[in-house]
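Take a look at the structure set out below.
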Amino acid sequence: MKFSALRVVKEALTGHKGWKPLWRNPQPQPDYDIVIVGGGGHGLATAYYLAKTFGKARIAVLEKGWIGSGNVGRNTTIVRSNYLLPGNQPFYEFSMKLWEGLEQELNFNAMVSQRGIINLFHTDAQRDAFRRRGNAMHLSGADAVLLNRDALRQKVPFLNYDNARFPIKGGLWQPRAGTARHDGVAWGYARGADMLGVDIIQNCEVTGFRIDAGRVRGVETTRGYIGAAKVGVAVAGSSSRVMAMAGQRLPIESHVLQAFVSEGLKPVISGVITFGAGHFYISQSDKGGLVFGGDVDGYNSYAQRGNLPVVEDVAQGGMALMPMIGRARLLRSWGGIVDMSMDGSPIIDRTAIDGLYLNGGWCYGGFKATPASGFAFAHLLATDRPHETATAYRLDRFATGHVIDERGTGAQPNLH
Amino acid sequence: MLIPHPLLGLRDAEEFVYLGDASLMQRPDPDSPTALTDFCDYVFLRDNPAGVHRELWFHEQGDRSWLVVTRNTLTHEILGAELATDAARPTVTQEPSA
Amino acid sequence: MTRIRGGLIDRGTSLSFTFDGKTYSGHPGDTLASALLANGVRLMGRSFKYHRPRGVFAAGSEEPNAMVELREGARREPNTRATVAELYEGLVAKSQNRVGPLSCDVLAVNDVLSPFFAAGFYYKTFMWPRAFWEKLYEPVIRRAAGLGQLSMQADPDDYDSGFLHCDLLVIGGGAAGLAAALTTGRAGARVVLADEDFRLGGRLLSERDPLGGIPAVDWIAGLEAELDSLPNVRILRRTTVFGAYDHGIYGAVARVADHLKTPGAQVRQSLWRITAKRTVLAAGATERHIPFADNDRPGIMLAGAMRSYANRWAVTPQAHAADPVAIFTNNDDGHRTALDLMAQEVPVLGVIDTRSDAPKLGDYTLFPDATVTGSKGRLGLTQIQITRAGQSTWVDCAALGVSGGWNPNVHLASHHRGRPVWDAATQSFLPGPGGPEGMHVAGAAAGRGQTGLALADGAKAAVAALAQIGMSASLPELPAPEATADTLTPCWHVPSKKRAWVDFQNDVTVKDIALAHQENMRPVEHLKRWTTLGMATDQGKTANVTALAVMAELSGKSIPETGTTIFRPPYTGVAISALGGGDSGDSFRPRRLTPTHSWAATRGAVFTEVGAWMRAQYYPQTGETHWRQTVDREAKAVRAGVGLCDVTTLGKIDVQGADATTFLNRVYANMMGTLRVGRVRYGLMLREDGFLYDDGTCARLAEDHYVVTTTTGNAGLVYRNLEFARQCLWPELDVHLISTTDAWAQIAVAGPNARSLLSRIVDDFDLSNDAFPFMACSTLTICNGLRARLFRISFSGELAYELAVPARYGNAVMQRLAEQGADLGVTPYGIEALSVLRIEKGHAAGAELNGQTTADMSGLGMMVSRKKDSIGVVMSRRDGLAQDSRRMVGLQPVEPTHTVTPGAHLFAQGDPQDMAHDQGWITSACYSPHVGSSIGLGFLLQGDNRMGEIVIAANPLAGETTQLRIVPSHFVDPEGERLRA
């Protein structure tokens, strides 16, 4: 069924009787050509592009709970491609381009909204580092503007410029960045994949891999054994747990990242603002809630909830940056488990086991990568070659030293 | 969170800085013929268990001791803490099975 | 007026307030909601999506409808629930989320168009043409969405935060909570009792039943007096415990001054972090409603709330006392409301009960086996439709109380992993296993809401909780009122072709849930996200369980099979100001001041933030109009005479012990084991992954005593890592470390006249080049006996020393040096000149040591010793590091008037400017008064082999390219003659 304004009108006038399920609830088949483990944004996007772009069939997505229940439904919805390093920047820019056509591609309004992102700087050294980054963005075809204090003040007059403990000297602005409706992205890909024949199987937890002579043959699940010629794992947050079932240790720690939303307010903030000196970032959803967050709690966790010191730290950052939000109320806070990798960058690669592929290590940044990650993972699963923008995301880069460390903090995941 | 410091009693986790898996105490032999591989595993690979985890915390805003804390990563329950200097040296982490 | 007898209001005092500009009057003890009702105001707000007229629905923090913008100016608080806003003299409130007056909101057109706005409609449209989303559709949606408005001004009030510790935290001051607090208080244990209301008593305040033979209020007053007299009891009124965190830690916000017009000298709110050994959750229960057609009109409210307004606030929900009121219920508790209203002579037209066996508990008309199937009244209820056995009748009705049973407030019990479990007996979710450690749930929150049960339950929970921590308590004698009838037969909604609201604020109806079911959005979380159910400011307190039951019915599954609903902090919305605890603006983070700060301030220094430190950036003099003039003067003065700079912020670590040498040899990449006493060596530290992370100096003061310096930014990190190496890697070594960064003031004395200047303050110490050469160090005394340390090290490339004295003398020594050096041209210099000097000398600093670079890249690869093990040395041999051929170079513009811009990328001449041809970048740059042009440092592919070549610096952000010549990074004194002079 094609979605359109006309369709909405027609259904409204006929009592909404014609709406069909957005996806089926199929029973798992005994075997598939390709099984994707993980019905989050990346897994669903992978299945979609496998079917749509790479012409593959007999694909299943296995989700242990409900689709979109992981980080695609828990993040702060930011979409951007303001990266520095050559291993990252082209990939995220590719993702940005896919975002820009996503609604038309999927015939589903995921509300990609390019209202820009501004990373604030507070010192000359930070400005220089941002200039290097902004130039890297230009050099790989992305957009960036270095705003001085006056230009910034014109765009966002409500920041605390003068009384702040760390005065704001300017910002790096990416106009094409923005936000997208996170659940909508998962649903759009799910619906698209389902329409192309992909079986999306919810409440189906993978409990083991069947591996024979170094080659994966299928997966054991709570709904029985499912054979597969190829298995792609896209379970960021739980990558270590799942890959341990295949005997693989990963350069990843699982950490909890909290996120926050305020009560609904009339429009205040147009795009996304990040406050480097205060570990704080904020945007405002179309519904009016301020959506904000800060650092990971800092310790290994699978608990999907964080602790009070980070809540306070984030609120302090918010108040220091924008004291006018003080009388708004925090409505909800929650935690997501993120795959913090050893260099802060993701992995999209084959593994030591034939037919078993890994997509993980997304740290804070998985949501914005969703389209490109799905596309690149599909490319790898379909062709056994990495996509041209994802060649650096190798699992052996740690052994060879070709790490992609945007923040330069080394093998300490909670600092990335 | 509260961390039961073996000398100072329950202390707020905010006083500490977290490092990671206690296996970081087992620095490989730099003279071994497999040193490069051993170091790569040591520096980069983690068990990252969902459950009981032995991990290193530094009491930076306190007595500056490194502690090995045993904590459940699913529930955050803390099962014990000892000074790193007292911690028994477990055997070197096993090679991953194929 | 609909004020009736009784109530817990002070009728002797009148409070004047305004709502939407109109002045009304109420009494102390009123909430804004009760006062508005008492003035006959029923219309208080508009719903989020359809802008339906709404009145008050509840009497507590679960309120979905009656939300206002409270206060004015910078103190404006959007989305404030009128039901918890305590009335004060001069209160000003405005309705929100409307265009035009509240009674004829233009956006109510959305209600007419509601068929087009069904659940999830926006995912299906607004896609064409593509560019219209940001330009047209979204701006319209954003303007229409949102609720209240921020003032856009900084919050003028003060906030603070504090810690509380107790044996038992009691959350909720109703029957169960009061009993728990009393039990604990009498046992001598430390107890904190927190309640969100401004008056203790919880639900007891809303009932007419006596307790222990006296009015409940008097019983509460007696208990409160006893608790107040106990030193081990702390009562936090107006305090919401909003979150349960790990290990018995709870977050709570006390609304210290929200009941006043302005806080005056007080803070507005306090954030408490409460650490409790055990907790009793006695948070009560929230009534649920029964959705029926058009069930959202002002005048329709929860039956229990109606009872609260009548009993506690002495108001009824109709505009005129003679108007009839009805009750719609599926349980006995609904009937109690009818009885209480009748006792107040409120006309009750009847009780409509869905049960065929409904009891008749008093002298009212009972409609058993009946439902309410419709309502009328544009801005307030005028009629309801009662349907019984297929027969429908419209009757006049000005207010309807609805009761569908009670949901225990299990929220805090599910903040961890614990999921509530369905209890068929009470038809409600009860706290499940896996709740916060040490939490006991009591009273209505545990499904035991009858007053007698709750009192006993609270006391028992306290005894049990205390027993777990080795304290004994005895059960106090408590009133044991008779149980009231409380049977219930589930009725989750009244089927209808019209809209029946489940979530009022977000306008989610039974039809929306059915549509979600039809579109396979069946898991509870999909349902919530697709329809926005439970996402409003009331967090679905009156909606979620009902929605789940409706979905269960549609799926033909049981409620527990359909799912459960869990909760996240906060329990109710918490002001972001309060969570920040007052640490904003200038108080955001502490400042560290150097020992010579006040001296620098008197010299007119401009300061800048360097991490937590404030450092002198430069010292402008009269007549200097641009910072560059000042910095050039300072840099030149150092090269020509002598300069003084406070370098205390560099980290200092004292390393002592018999194995100190062995230890340092393992943590530095270069050879440190051969350092002689009285000498200093430059040292490089690698991370274990082989990358460069810090540099500094290592001075050997004695056989077993070293002083290590670090960069300013890494002072804490290096110390932590050294302690890690000492305690975790090599505990067998006899070595001890302590950070002495703050203990010693350190002053750089740099320039050709440095020796002359120092010679004037040292006590009998030979400063000659032979006795104290470059890279020498010593302890000594200065200024007639002040102990000091002297290091002959140079960051500037000049003859230079760093002099360390105990921090308290830093200011005085700086002053002394400045006085003594007047004839030598002594000049204080700030970190701008420091940076110029180091760039001229080609020293790597923060921009080069950014954690992404190697020793080889910085031209320091030769220092990394291959003769010994040290941290990072093995991994530095990986291909990705060893084969990185980028090298640090000096850069000078071909055209001397051009500028070297840090952050520009480097390209070979003629190459396309894209990432594939990127050859490096500029790390640092400055104007060099020594060279007479802009100069810079950067990393360039094979830079060490390209001296003299011209490269292109591309800065597309500014649309600039500049030709730069590659030169050695030592712009000054490449042979190092000056620093050895």
Using alpha-carbon coordinates alone, the radius of gyration and Dmax of chain C in Å work out to 37.6, 115
So what J values fall out for region C:40-50 if you push phi through Karplus, 6.51 cos²θ - 1.76 cosθ + 1.60 with θ = phi - 60°, rounded to Hz, Gly and Pro as x?
x, 8, 10, 7, 10, x, 10, 6, 5, 9, 8
Based on the Cβ-Cβ distance from residue C:764 to residue B:60, what FRET efficiency comes out when R0 is 41 Å, to the nearest 0.05?
0.50
Residue by residue through region C:112-117, which ³J(HN,Hα) values in whole Hz follow from phi under the Karplus form 6.51 cos²θ - 1.76 cosθ + 1.60 (θ = phi - 60°), with glycine and proline marked x?
5, 8, 4, x, 7, 10
Semi-axes of the equivalent ellipsoid for region C:715-811, Cα gyration tensor, largest first, Å
30, 15, 13
Over all alpha-carbon pairs of region C:291-403, lay out the pair-distance distribution in 5 Å bins, whole %, shortest bin first.
2, 14, 27, 27, 20, 9, 2, 0
Which value, in Å³ per residue, describes the convex hull spanned by the Cα atoms of region C:651-739?
77
Pairwise centroid distance, computed over Cα atoms, of region C:1-72 with region C:291-340, Å:
16
Spatial separation of Cα centroids for region C:955-970 and region C:812-867, in angstrom
23
Enclosed volume per residue, in Å³, of the convex hull spanned by Cα atoms of region C:447-489
52
Euclidean distance of C-alpha centroids, region A:259-318 and region A:48-111, integer Å:
23
Percent RCO, i.e. relative contact order, over region B:2-88, from Cα pairs under 8 Å lying at least 6 residues apart
28
For region C:885-980, just the Cα set please: Rg and Dmax, both in angstrom.
13.1, 45
Please give the FRET efficiency for residue A:1 paired with residue C:369, using the beta carbon to beta carbon distance and R0 = 35 Å, rounded to the nearest 0.05.
0.25
Mind scanning C:498/C:541; A:287/C:49; A:56/A:368 and naming the pairs with a C-alpha gap bigger than 18 Å?
C:498/C:541; A:56/A:368
Using alpha-carbon pairs under 8 Å, 6+ residues apart, how would you state the relative contact order of chain C in percent?
9
If you restrict to DSSP beta bridges whose two residues both lie in region C:108-245, what percentage is antiparallel, to the nearest 5?
20
Per-selection Kirkwood Rh - region B:2-88 (Cα, Å, 1 d.p.)
13.8
In deg cm²/dmol and to the nearest 500, what is the mean residue ellipticity at 222 nm of the protein assembly as shown if only DSSP H runs of at least 4 residues count, each as -39500 (n - 2.57), divided by the residue total?
-6000 deg cm²/dmol
Could you list C:972, B:43 in order of exposure, starting from the residue whose Cβ has the fewest other Cβ atoms within 10 Å?
C:972, B:43
How many percent of DSSP beta bridges within region C:291-403 run antiparallel, rounded to 5?
45
Estimated inter-spin distance, residue C:218 and residue C:482, nm [label 7 Å along Cα→Cβ]:
2.1
Averaging sequence separations of C-alpha pairs under 8 Å and six or more residues apart, then dividing by the length of region A:324-416, give the relative contact order as a whole percent.
35
Would you please state the base-10 log of I(q)/I(0) at q = 0.12 1/Å for region A:65-138, with intensities from the Debye formula using one equal scatterer on every alpha carbon?
-0.46
Whole-angstrom Cα spans of chain A along principal axes, big to small:
65, 62, 41
So for the pair residue C:103, residue C:555, with labels modelled 7 Å out along Cα→Cβ, what separation do we get in nm?
4.6
Ratio of Rg to Rh over region C:921-969 (Cα coordinates, Kirkwood Rh, two decimals):
0.96
In Å and on Cα atoms, what radius of gyration and Dmax does region A:313-384 show?
18.4, 56
What residues qualify as long-range amide H neighbours of residue C:684, i.e. H under 5 Å apart, gap of 5 or more or another chain, H built at 1.01 Å from N?
C:669, C:670
In sequence order, calculated HN-Hα J values of region A:327-334 (Karplus, 6.51, -1.76, 1.60; Hz; x Gly/Pro)
8, 6, 9, 5, 9, 8, 10, 7
Based on Cα coordinates alone, diagonalise the gyration tensor for region C:11-82, multiply each eigenvalue by 5, take square roots, and list the semi-axes in whole Å, largest first.
20, 15, 12
If you build the Cα gyration tensor of region C:694-764 and take the root of 5 times each eigenvalue, what three semi-axes come out, in whole angstrom, biggest first?
31, 15, 10
Net length gained if the chain between residue B:8 and residue B:74 were fully extended (0.36 nm per residue, minus Cα distance):
21.2 nm
Net length gained if the chain between residue A:9 and residue A:400 were fully extended (0.36 nm per residue, minus Cα distance):
135.0 nm
Per-residue mean of C-beta atoms belonging to partner chains within 10 Å, peptide C:125-135
4
Over all directions, how big on average is the projection of the convex hull of the alpha-carbon atoms in the protein assembly as shown, in square nanometres?
55.4
Spin-label model distance (nm) - residue C:378 vs residue B:29, 7 Å beyond Cα toward Cβ
9.1
Fewest-first ranking of C:126, C:242, using other Cβ atoms within 10 Å as the exposure measure:
C:126, C:242
Just want the ordering: C:809, C:309, C:123, A:161, from fewest to most Cβ atoms lying within 10 Å of their own Cβ.
A:161, C:809, C:123, C:309
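Rule-based calculations on the coordinates, nothing more; no lab input. For clarity, every value in this text was computed on a predicted model and none was experimentally measured. Quick reminder, even Gly has a Cβ in these numbers, built from the backbone with ideal geometry, and neighbours come from all protein chains shown.
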